[in-house]
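Here the structure comes first, spelled out in structure tokens, and everything after it is commentary.
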Amino acid sequence: MSKYLFEISWEVANKVGGIYTVLATKAKHIRNFYNNNYFVIGPYLGAKSQSEFKFLEPPKEFSEIISSLEKRGIIIYYGEWTVEGLPHGFLIDFQKYLHEINGLKYELWEKFGIDSLRTGKDYDEPVAWSKAVSEFIKELIHSGFQDSIFHFHEWLSGGAILFLKDFNVKTVFTTHATILGRTLASVGVDFWKETIDPDRAAYNLGIEAKHGLEKNAAKFATVLTTVSYVTAQEVEKFLGRKVDVILPNGIDLSRFPTFEEIATHHQKNKTAILEFILYFFSPYLKRSCPIKNSLIFFISGRKEIRNKGFDLALLALGKLNKILKEKQINKNIYLFIFVPDEFVDVDHNILDNLITYRSLENYLENLQDEIKGRLLHLLIHQQPIKEIFTEEEILELRKTLGKIKKDKQVPLSTHLLPPNNEFLTLLNKAELNNSEDDKIKVILYPIYLNSADGFLNLNYYDAINGCHLGIFPSFYEPWGYTALETLAAGVITITSDLTGFASYIKEQNILSASNPGLFILKRKGKKDEEIIDDLTEIFLRIVLMSRGERIQNKYEARRLASHFDWQELIKNYLEVYRSFDHEG
């Protein structure tokens with residue numbers, strides 16, 4: 001195996017999406033094999049970089065290279081990325097080449113035919129950074145690092161492969177999704193059913209430069225990889241080269257509860273969630289907020305309404321709501337939408353009510369022993385229970401309850417949202433309005449979860465662990481980390497057959513038939529109306545499960561996740577790196 005490994009991504013110390021998770025969670029496992037000869041390379045982004053990267057003095061073997069490049073205007077920062085495994089690496093400032101971007105664009109046009117006349121900052125910055133990365137790599141090769149592999153992720157780093165084309169470098173290019181596939185899906189095009197001319201489609205969508213860069217990076221990389229079988233088909237269809245190796249994404253299972261811990265963690269987190277639900281809805285409901293026989297569902301991810309399947313999920317839940325009411329099924333469902341979104345302000349009524357309820361709870365807890373004694377005395381002597389509180393206590397309770405505020409309508413969110421919010425529009429279409437008689441009630445949560453956010457006060461993993469179902473029926477999902485993480489938390493999960501994650505599971509044939517833990521919705525080749533009906537049936541099946549069936553599905557969910565531990569999947573990466581040893 002080559003002595004050194006350099007992994008290059010725009011998402012090193014720069015949290016944008018799923019690739020960050022891939023790199024951050026597998027770093028320690030790569031270091032187990034390469035030790036101190038594994039390095040990451042990312043962009044220097046000022047203050048944002050400083051929050052994730054500890055700057056260090058570069059070791060001697062790099063200091064001369066860094067100094068040499070600095071004289072040419074390329075500033076390189078050495079240090080460690082503060083994720084588990086603490087991989088050392090380099091953040092490269094690309095300002096020098098941003099000033100020379102037109103020349104770089106012309107070079108890519110002249111050599112590769114990449115048309116970048118209609119590009120902006122989101123293309124220019126990665127290209128400028130890629131040029132700086134290529135110059136750094138050239139210096140590394142000239143300075144004794146010939147026995148190195150350079151692994152690039154996504155089109156944003158792919159420019160470096162093109163700038164290094166005439167240089168003898170071992171390169172791996174992983175495309176986690178094609179820019180064309182993602183863009184087509186976002187505008188509702190089902191490219192599996194249609195004949196697509198990739199270059200023309202990219203031009204029509206205004207992404208011809210990114211597509212051209214990605215296509216050429218795939219063409220000229222020594223080894224081309226992607227994350228799933230379904231994405232491999234997409235890559236061949238749009239980039240014109242067959243993938244050499246599939247590198248499925250993994251997770252670090254040590255971050256999730258063990259089989260033994262799932263039940264206790266779930267009970268603790270569920271209790272916290274139900275308490276919040278009680279506080280959220282009680283001021284608005286004439287009848288008591290139904291907690292018994294309740295289930296907690298959630299959806300989460302980036303706000304890609306169509307791609308993530310949020311649109312059909314909410315319409316199916318609207319249909320389920322009507323069925324539960326019509327058939328008088330004694331189940332209540334609370335749906336959380338954990339999707340970061342724009343908001344106008346915190347809903348101060350809800351926040352103030354939470355504070356009021358918590359102070360009321362504390363007051364009652366302090367009276368607990370006293371009230372218990374009085375209640376026992378009243379029951380023994382068959383006296384009216386209404387005398388359980390003293391007049392002074394009733395006055396204090398009324399004073400506290402008088403602080404509760406409420407609007408005319410039951411809120412749909414913890415925050416005040418713009419009137420044109422897409423989720424509000426969808427919920428209205430699905431007739432999920434948090435009416436008194438609704439069996440499904442919704443809470444939009446447009447902020448990132450953390451243990452001190454003022455509402456649930458749970459981090460993301462604890463929050464999902466307290467739920468009963470995670471819903472991810474994606475239209476376009478090259479992998480599907482949210483579904484995998486939900487399984488690892490021991491939670492029943494829905495995904496779709498258009499996700500890379502589901503395609504890998506089917507290929508491996510590891511799904512149980514009776515209590516699968518994971519439900520794969522068939523979307524490929526189907527119309528929206530059929531998909532909504534099928535998804536409603538899956539929801540109903542889960543709602544009607546006995547407690548024993550739910551527990552079996554939860555444990556099966558966790559078992560499925562165990563197939564995706566990086567400790568096992570890292571071998572796929574190592575096989576790619578070893579393949580260079582056999583080249584002629």
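The values are calculated or read from the model by the stated rules, or taken from the named source; none is laboratory data. Keep in mind that what you see is a predicted model, and the values were worked out from it rather than measured. Virtual Cβ from ideal backbone geometry, glycine too; neighbours counted across all protein chains shown.
Close Cβ contacts (under 7 Å, 6 or more residues apart or on different chains) running from residues in the range 164-186 that are assigned to a strand (DSSP E or B) to residues that are at pLDDT below 95 comprise K170/S2; K170/F580. Screening E575 with (1) closer than 27 Å to L314 by Cβ; (2) modelled with pLDDT of 95 or more; (3) loosely packed, with under 15 Cβ neighbours inside 10 Å gives one miss only, at (1).
Please work out which residue is nearest to the chain's Cα centre (by Cα), limiting yourself to the range 244-291 and to residues that are modelled with pLDDT of 90 or more and over 23 Å from T486 (Cβ atoms). Once the filter is applied, the top-ranked residue is V245. Being surrounded by fewer than 19 Cβ atoms within 10 Å (Cβ to Cβ), under 30 Å from A483 (Cβ atoms) and basic (K, R) is true of K48. The residue pairs whose first member lies in the range 443-469 and is without any contact (Cβ under 8 Å) to a residue 60 or more places away in the chain and more than 22 Å from A557 (Cβ to Cβ), whose second member is among the hydrophobic types (A, V, I, L, M, F, W, C) and part of a loop (DSSP other than H, G, I, E, B), and whose beta carbons are closer than 8 Å, counting only pairs six or more residues apart or on different chains, are S451/L458; D453/I447. Among the helices (runs of 4 or more DSSP H) confined to the range 523-584, the ones with at least 3 residues that are touching a residue at least 60 places away in the same chain (Cβ under 8 Å) and of a type in the set (S, T, Y) are located at 566-579. The residues of the range 113-143 that are touching a residue at least 60 places away in the same chain (Cβ under 8 Å), under 15 Å from F6 (Cα atoms) and among the charged types (D, E, K, R), listed by number, are E135, E139. Residues of the range 39-56 that are outside any loop (DSSP other than H, G, I, E, B), of a type outside the set (G, A, S) and either within 21 Å of the chain's Cα centre (by Cα) or more than 22 Å from K26 (Cβ to Cβ) (or both): K48, Q50, F55.
Suppose we keep only residues that are among the hydroxyl-bearing types (S, T, Y) and in a helix (DSSP H, G or I) within the range 60-117. Which one would you say is surrounded by the most Cβ atoms within 10 Å (Cβ to Cβ)? Write out each step before concluding.
Here is the first cut: in the range 60-117, the ones among the hydroxyl-bearing types (S, T, Y) are 63, 67-68, 77-78, 82, 97, 106, 116.
Narrowing further to those that are in a helix (DSSP H, G or I): 63, 67-68, 97, 106.
Numbers: S63: 12, S67: 11, S68: 13, Y97: 24, Y106: 11.
For the range 60-117, the residue satisfying everything is Y97.
Among the candidates K237, K215, K193, which residue alone is part of a loop (DSSP other than H, G, I, E, B), touching a residue at least 24 places away in the same chain (Cβ under 8 Å) and of a type in the set (D, E, K, R)? From the options K237, K215, K193, the qualifying one is K193.
There is no residue in the range 274-287 that is assigned to a loop (DSSP other than H, G, I, E, B) and closer than 28 Å to F501 by Cβ.
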